[in-house]
There are 2 protein chains.
Amino acid sequence: MPFEPAEFEPAPLIKRPPITFHEEKPGWEGYIEWEKYPEKKKIAQDILHKYNFSLPPEFQFAPLPDTNPVIDSPRWKEYHDALGIGYIVDHSWDVVQKEKPDIIHLLKFPYNGETRRDQLLEGKITDNKYHFVRNHGGIPDIDEDSFELEIGGLVKSPVKLTLKDLKDPDQFPQHEVTVTLQCSGTRRIEQIREYPGDGDELINAPWGEGAIGTAVYRGVPLKKVLKYAAGGVLPECQHVEFIGAETYFKKKNVFNYAVSVPYRKVRANEEVLLAWEMNGEPLPKIHGFPLRVVVTGYIGARSCKWLYKINCLAEPSMGPVQRQEYLYYTAQIGKQNAKYSNGFSIQQMPVSSAIIEPEDKKVIIHDGTITLRGWAYSGGGNWVERVEVSPDGGSVWYAAKQEDITDKHYHAWRLWKIDVPVDAEGWLEFCVRTWDSSNNTEPTYVRSAWNWDLHVTSSAHRIKVYSVNRSRPETAARLKFLDEHGLTFEPLTRPIEASLETEEEYLESVRKYPREPLS
Amino acid sequence: MPFEPAEFEPAPLIKRPPITFHEEKPGWEGYIEWEKYPEKKKIAQDILHKYNFSLPPEFQFAPLPDTNPVIDSPRWKEYHDALGIGYIVDHSWDVVQKEKPDIIHLLKFPYNGETRRDQLLEGKITDNKYHFVRNHGGIPDIDEDSFELEIGGLVKSPVKLTLKDLKDPDQFPQHEVTVTLQCSGTRRIEQIREYPGDGDELINAPWGEGAIGTAVYRGVPLKKVLKYAAGGVLPECQHVEFIGAETYFKKKNVFNYAVSVPYRKVRANEEVLLAWEMNGEPLPKIHGFPLRVVVTGYIGARSCKWLYKINCLAEPSMGPVQRQEYLYYTAQIGKQNAKYSNGFSIQQMPVSSAIIEPEDKKVIIHDGTITLRGWAYSGGGNWVERVEVSPDGGSVWYAAKQEDITDKHYHAWRLWKIDVPVDAEGWLEFCVRTWDSSNNTEPTYVRSAWNWDLHVTSSAHRIKVYSVNRSRPETAARLKFLDEHGLTFEPLTRPIEASLETEEEYLESVRKYPREPLS
């Protein structure tokens, strides 16, 4: 049966599916509990199986549209409509427009939005209204006073905490940590352009260099909450699962968002935080208000938003985001043989970097030096030590000076700037690579680390720029000529209509060095 | 003054420009003589300078439209309209549709059309209706009986010949030669995609692999015509100029099409032919009826169509096609410093080749062997000796067997086929390189030979294909699974909605090799 959303939207209740799915509790709008109720999940699954939904968009073999939102796939809206909860999707888009009016909307729903180049370079801390967003479902609207967090599983004393409890400094010590979060899809567009992949029914967004951002988060270390509020974990506890209040779909099944990190990670310093504040402000709704997890050095997906439940487990979460997504395959694995068990789970993020300025394919008129700016980051407990730029595609490398790189933090990127000596003209390929505190650096080419799910594009980021070196006399003369004739150098491929050489000059030159040999 | 074509087109004579430019002689429609009349050229130039014509299209930084014709630049039509000869443009398009209905129309006017992949592989001789076309102006319509060819300049006896004279075997010996002609822009799209260039006001067409073709031409060697009809050349003659009956524009000046080749080339065997027959048929109008030059081993631009005049000269032709176009620059030359005198003239063509099958970005389901087909050519007096294909981007190379390559001709391509052993799956990069009779081979990457005018893309031609190796058991099992579920493997990036692994299988596997270390 093909899906017709009109059947559900403004229709009277009688025409709705036999069961409508109600919000869980007062003050929690857009939150429907699935994980506690297997029978409810089954009913939803049966409804979803009745319909043929729109196909996911085929964008990987064609240029992306020049629109904002770039991709407006109706598929997930249809899932919600089929369950009678389409209002969640509409509400989420309203929040996007309010909280993130100025970023690049890559995917309308689940919302994926990317920071613009100029916003990325504004400073080492990304403004809340520019910070990238990668959501996996609708944005719930949760009243702070009605909020409670449930902690269970392999803990000594299962417990429920209010936000007031968590924010009480007498109960839990508070910390501020500067943290870079990134999607493991950052820079995916480079993999898509060279080698499309990924048959996941989730639309894996065609991210550029802006699916990364840095903020100061205030909250309490999860380690302390487990210890003080839940009496500590039982010896069998090896993983900690986070459940968020979105509704999440996978292969016509419905879930709440669930992920996990190893307990060992939670135990280390302040590396896993339960946070309510971002850059001195309450968490924006789109970033998880009233409470989210912030896992330092890991893929952003583990920093669960709208956190309402923590489960201590012996094994990683069985949530689809944890076991079926964010897997890193080898180049020999693809649609022909991929299984969830033969990719490894992306948790810690590797060293990577990007050139943000200049932009790819720009003309740079300079006097023998080209300035580049960008970001560099390493996760997994490492930080950035050195940033190097090559003006020739990866043969000669120049290091950025330490004074041109922002401060080190344990868990944050460094923004960098470098002036590279450039004599050559025409198209040059610049690339950047970063060395981290464990001496890791980046693969050289996209090809070096292509993988079917198109994650972790950490190869040396490359741009091509057209170099025009004004310190060369012939170039200076041409620029002057253009100026005198009221012509501009750009657009690069637009012809110069004026004659550049007289017939006499031409003949003198070609007679001196003729095309044909003497004998 | 901006150009408004409506002023000229259906308007009464009174509103036309003060001078209209008349056809030269009865039976020669669409031919206007410019080269003999400097004063007429000056009047045309003055008219052209009055107008601002449409800008040339900016297609090099954006994907090409999915239309046929691909590029419909009005600029050259406007030039013709301004001189009151727009009917030539309309007539040319009529001829295209009649003589080349099935090829890819890259540029509507001057007409540039490319042979399709399936047409290229039909056989070593390209069918006349599929042979590529690169015109530089309108197609004249010349009555065979009114035709005459004028030979002058540095010859002993300037002379005029009718077609009947030329075809008379008692006056001149006839030859049939199998000749590959190609535009020096063949495969330009590879340079455009990686590094746009070329500010020429001529729209340099975004050719793919089909701007090449092979035909058997019948005609008389120019060497014999100069000797028997014009008494031979004078000692000062070093170059032979050909003038064709098109109207040609450059920087708001007007010309007939003029090019030249060295006299030394004309003297060698049957390397320069005056031809009236193509594959056993009279020359199609679009290919130069009634008479054209065929210069073996050279860029197609020298094989002047609608030839009506030959000039023997001490120096190369001063026609803009000869001195201002088809120049090969170094990578350090571009819009910032290019002059006509600092590129060298492209005459002989180098060794090059292309993979025509499979097409770039295709999925290939195979049993351990992938078959590729394509063309290989070398000009400049060389022929193809060996064709090699690499399945890994240029590290391991396999040679095609001689029995899988078409016959050698002195001046023609060879079509080849090769079965390459392929174990690997996922995206593979294949490339081809050819070795010619002088042991020349091709540069490895587009980057190796990028040049501002985007000519001679002779680097190893590359395709990416997605390899699915059915001889691997897991892949065979997946294909069977899809088949049993009524699913197809393609589109590659469309998800498989069915589950590929049970929860038990998943858990068994991840418990055996867990993500986290032991201690």
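Structural remarks
- Per-pair calculated FRET efficiency, R0 = 51 Å: A:ASP170 and B:ALA62 via Cβ, rounded to 0.05: 0.25
- Centre-to-centre, using Cα atoms only, the range B:373-436 and the range A:364-442 are separated by 40 Å.
- About the Cα centre, charge dipole magnitude for chain B (Lys/Arg +1, Asp/Glu -1 at Cβ), debye: 1760
- Gyration tensor (alpha-carbon) shape descriptor, the range A:253-315, a/c threshold 1.5: oblate
- Sequence-distant residues sharing a close amide H with B:SER73 (under 5 Å, placed H): B:LYS108, B:PHE109
- 0 to 90° range, to nearest 10: angle between helix A:503-512 axis and chain A longest Cα axis: 80
- Charge dipole magnitude, Cβ of K and R +1, D and E -1 - the range B:351-469, Cα centre, debye nearest 20: 240
- Projecting the Cα atoms of B:ILE418, B:GLY244, A:THR186 onto the charge dipole of the protein assembly as shown (Cβ charges, centred on the Cα centre) puts B:ILE418 farthest toward the positive pole.
- In order along the range A:231-236, phi translates into HN-Hα couplings of x, x, 9, 6, x, 6 Hz, rounded to whole numbers, per the Karplus curve 6.51 cos²θ - 1.76 cosθ + 1.60 with θ = phi - 60° and x for Gly and Pro.
- Zero-based 10 Å bins, Cα pair distances in the range B:473-512, whole percents: 25, 47, 25, 3
- Between the range A:259-328 and the range B:64-102, the Cα center-to-center distance that results, in Å: 62
- Cβ-based net charge around A:GLY379, under 15 Å, with every Lys or Arg adding one and every Asp or Glu removing one: +1
- Distance in nm between pseudo-label sites at B:ASP419 and B:ALA476 (7 Å out along the Cβ direction from Cα): 1.8
- Net charge, B:GLN171 excluded, C-beta distance under 13 Å - Lys, Arg +1, Asp, Glu -1: +1
- Relative contact order computed over the range B:312-369 (Cα-Cα under 8 Å; 6+ residues apart), in percent: 28
- Neighbouring Cβ atoms from other chains, within 10 Å of the Cβ of residues in B:489-499, number 6 on average.
- Accessible area of the range B:344-452 belonging to carbon and sulfur atoms, whole % at 1.4 Å probe: 45
- Among B:VAL465, B:TRP397, B:ALA449 the positive-end extreme of the charge dipole of the range B:351-469 (Cβ point charges): B:ALA449
- Using C-alpha pairs below 8 Å separated by at least 6 residues, the relative contact order for chain B is 13 percent.
- Pairwise FRET efficiency - A:LEU121 versus A:ARG515, Cβ, R0 = 56 Å, nearest 0.05: 0.65
- Sparse-neighbourhood loop sites, GluC sites (Glu not before Pro) in the range A:200-298 - DSSP loop, at most 15 other Cβ within 10 angstrom: A:GLU236
- Summarising the label geometry, the points placed 7 Å from Cα in the beta-carbon direction at B:LYS361 and A:LYS251 lie 2.9 nm from one another.
- Whether the protein assembly as shown is rounded, prolate or oblate, judged on the alpha carbon gyration tensor where a/c under 1.5 counts as rounded: prolate
- Per residue of B:328-335, other chain Cβ atoms within 10 Å of the residue Cβ number 6 on average.
- Potential lengthening of the chain between A:ASP404 and A:SER499 amounts to 29.8 nm, from the contour at 0.36 nm per residue minus the alpha-carbon distance.
- Couplings 3J(HN,Hα) of the range B:77-94, computed from phi: 4, 5, 4, 4, 4, 4, 9, x, 10, x, 4, 5, 5, 5, 4, 4, 5, 4 Hz, in residue order, whole Hz [Karplus 6.51 cos²θ - 1.76 cosθ + 1.60, θ = phi - 60°; x for Gly and Pro].
- A simple count of charges around A:LEU479, restricted to other residues whose Cβ falls under 14 Å of its Cβ and scoring Lys, Arg +1 and Asp, Glu -1, yields -1.
- With a simple spin-label model that places each label point 7 Å from the Cα along the Cα-to-Cβ direction, the separation between B:ASN269 and A:TYR37 comes to 8.6 nm.
- Ranking B:GLY27, B:LEU313, B:VAL216 by Cα position along the charge dipole of chain B, where only Lys, Arg, Asp and Glu carry charges on their C-beta atoms, puts B:LEU313 farthest toward the positive end.
- Tensor-based shape of the range A:351-469 (alpha-carbon gyration tensor, a/c under 1.5 rounded, otherwise prolate or oblate): oblate
- The range A:351-469: Lys pairs at Cα distance under 17 angstrom, eight or more positions apart or on different chains: 4
- Degrees separating the helix B:38-49 axis from the principal Cα axis of chain B, which is the longest one: 50
- Once the Cβ-Cβ distance of B:ASP72 and A:THR488 is raised to the sixth power relative to R0 = 22 Å, the FRET efficiency obtained is 0.25.
- Annotation for the range A:474-519: trypsin sites (Lys or Arg not before Pro) lying in DSSP loop with at most 14 further Cβ atoms inside 10 Å of their Cβ are A:ARG515.
The values are calculated or read from the model by the stated rules, or taken from the named source; none is laboratory data. Here the structure is a predicted model, which means the values were calculated and not measured. Note: ideal-geometry Cβ built from the backbone for every residue, glycine included; neighbour counts use all protein chains shown. All accessible areas refer to the heavy atoms of the entire protein, side chains included, with ligands and DNA or RNA removed. Shrake-Rupley method; radii C 1.70, N 1.55, O 1.52, S 1.80 Å.
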